[in-house]
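A short reminder: the numbers here are calculations on the coordinates, not readings from a lab. Bear in mind that the values here come from a model prediction, so they are computed numbers and not experimental data. No Cβ is skipped: glycine too gets one built from the backbone with ideal geometry, and neighbour counts run over all protein chains shown.
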Amino acid sequence: MSGQQDLLRTLPAIDRVLREEPMQNFSQQLPQETLSRAVQELISSLRQEILESGKVNPPERLLPENVAAVAAQSCRELLQPSLRKVINATGTLLHTNLGRAPLSSQALRAINAVAAGYSNLEFELDSGGRGERFSHVESLLTQLTGAEAALVVNNNSGAVLLVLTALGKGREAIVSRGELVEIGGAFRIPDVMEAGGVILREVGSSNRTHLHDYQQAINENTAILLKVHTSNYRIVGFTKEVPARELLPLARENDLVLMEDLGSGLLLDLSNYGLEREPTVLEVVKAGVDVITFSGDKLLGGPQAGIIVGRADLIKRIRKHPLARALRIDKLTLAALESTLRLYQQPEQALQELPVLKMFSADPEQQKQRCQHLFERLEAEPLAAEIKLVEDISRVGGGAMPLTELSDWAVEINPLAGRTADLAKQLRTFSPAVVTRVQNDRLLVNLRAVFAEEEALLAQILIAVFKREA
């Protein structure tokens, strides 16, 4: 017990630690209360360690200068923005955890122009009266999709919730069991429907649903026939689903709304670039679907947004619902979305200017050359690692095209000392952060989602991390 008490008495006073140079360096950058709290929390942690184990290893950790050094690191982290740049070397292009689609240079300029001052967000410049924020993108969306009207909210889950609430609250929506999807963060279509006050009526089985399943489920309380595109998984084998074009006569006959959630909506057919064939929004509109919802930040290549297109009378009802205001899109997102949609007016321009579309269409041989260059750069350094150029695959990600694998290359790095997972963590905690892929205890650096201007910096970071560890 005496040893424990001696250690507790050794804990330095807060004001003593604050006088040490590492903490003094932050005196002009952070409030005194923040500095004191950082030291206090660290000392409390050391005290708890002593009480639980009766020791501190090594004992030098209790010296005021060492306590100050550790507390200073906490202060340094406070000065770092929490949301910051990441170099995506995972090979997943629409990485949900890394922010999905990067924006085009045009979209970034549009955001800057709108953010730097005032804008005509809800102001008619011709008449001088109040305007609609949706008007800035509605004509573009109707032009690109062939729909009669359009509306934009803050994300696709919000779009689905809004449509279901506005058109089906208190009534039933019929959906196939095989389409009751769960998206990222454990959000499920049944939960969204329940939140919207819509009664779920499941039909069919998990792998096979027929037209007569929908027919038999329709009753006087039915409002919506709902199709949900299974963009983040595929059921293969003995399967059957009813396409929207076959549901259309049933919807018309019973005066029901035919709605389809496309999830990750496509405005261009990308099957020529090695991607699996997906229906475009234009094709779904032509098929006669009444209301269609899709995301802005997935295959579209724009900012996070929930896009609703369809019949003018239904969009009018949806727009007037009170929930539309709660879910409305902000001015910066609207600026980025408008800029992104304008690129689609010239499809070739979209393919050249939208980062995610350029990544999809990247030539595998060019990818190999990029990886070869990084491999040679690393090989030229005396790094304690085995480095290889290996064949790899890239994935679309973002809950889109789950079966698509893009032929690719990567640089494989196997540290000669230490664990691969530790190396990956060192890269993630560098500034800027580098996120790689660890597969079968191999660290893979895939360049498909790495911008050309990031390549030299990526090589420098890899080298710096190895030298720091050494």
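Things worth noting here:
- Sorted by Cβ density within 10 Å, fewest first, the residues Cys75, Cys371: Cys75, Cys371
- In this structure, the amide hydrogen of Val203, modeled 1.01 Å from its nitrogen in the peptide plane, lies closer than 5 angstrom to those of Val175, Ser176, Arg177, counting only residues at least 5 positions away or on a different chain.
- Kirkwood-based Rg to Rh ratio, the range 137-217, C-alpha trace: 1.04
- When all alpha carbon pairs of the range 59-167 are counted in 5 Å bins from zero, the resulting P(r) reads 2, 8, 8, 12, 15, 13, 11, 8, 6, 5, 4, 3, 3, 2, 0, 0 %.
- With contacts taken as Cα pairs under 8 Å at a separation of at least 6 residues, the range 56-191 carries a relative contact order of 7 percent.
- Electrostatic dipole magnitude of the range 1-93 [Cβ: Lys, Arg +1; Asp, Glu -1; Cα centre; debye, to 20]: 220
- Set Lys286/Lys358; Lys169/Lys316; Lys169/Lys227; Lys368/Lys388; Lys298/Lys425 screened for pairs whose C-alpha atoms are more than 19 Å apart: Lys286/Lys358; Lys298/Lys425
- Packing, taken as the mean count of other beta carbons within 10 Å per residue, orders the peptides 458-465, 250-257 from highest to lowest as 458-465, 250-257.
- Cβ-based charge dipole, the chain, positive-most Cα from Ile14, Ser157, Gln215: Ile14
- Taking the range 2-79 and dividing mean pair separation by its residue count, relative contact order in percent (alpha carbons under 8 Å, at least six apart): 44
- Normalised by 2.2 N^0.38 Å, where N counts its residues, the alpha-carbon radius of gyration of the range 1-89 equals 1.26.
- Sites listed here are trypsin sites (Lys or Arg not before Pro) in the range 383-463 whose DSSP assignment is loop and whose Cβ has at most 14 other Cβ atoms within 10 Å: Arg419.
- Shown here is the pair-distance distribution of the range 103-353: with all Cα-Cα distances grouped in 10 Å bins from zero up to the longest one, the shares run 7, 31, 36, 19, 6, 1, 0 percent.
- Karplus-derived 3J(HN,Hα), 6.51/-1.76/1.60, for each residue of the range 374-382, Hz, glycine and proline x: 5, 4, 5, 5, 6, 5, 6, 9, x
- Relative contact order for the chain, counting Cα pairs under 8 Å that sit 6 or more residues apart, in percent: 19
- Each residue, Phe123 and Ser271, gets one label point 7 Å from its Cα in the Cβ direction; the gap between the two is 4.8 nm.
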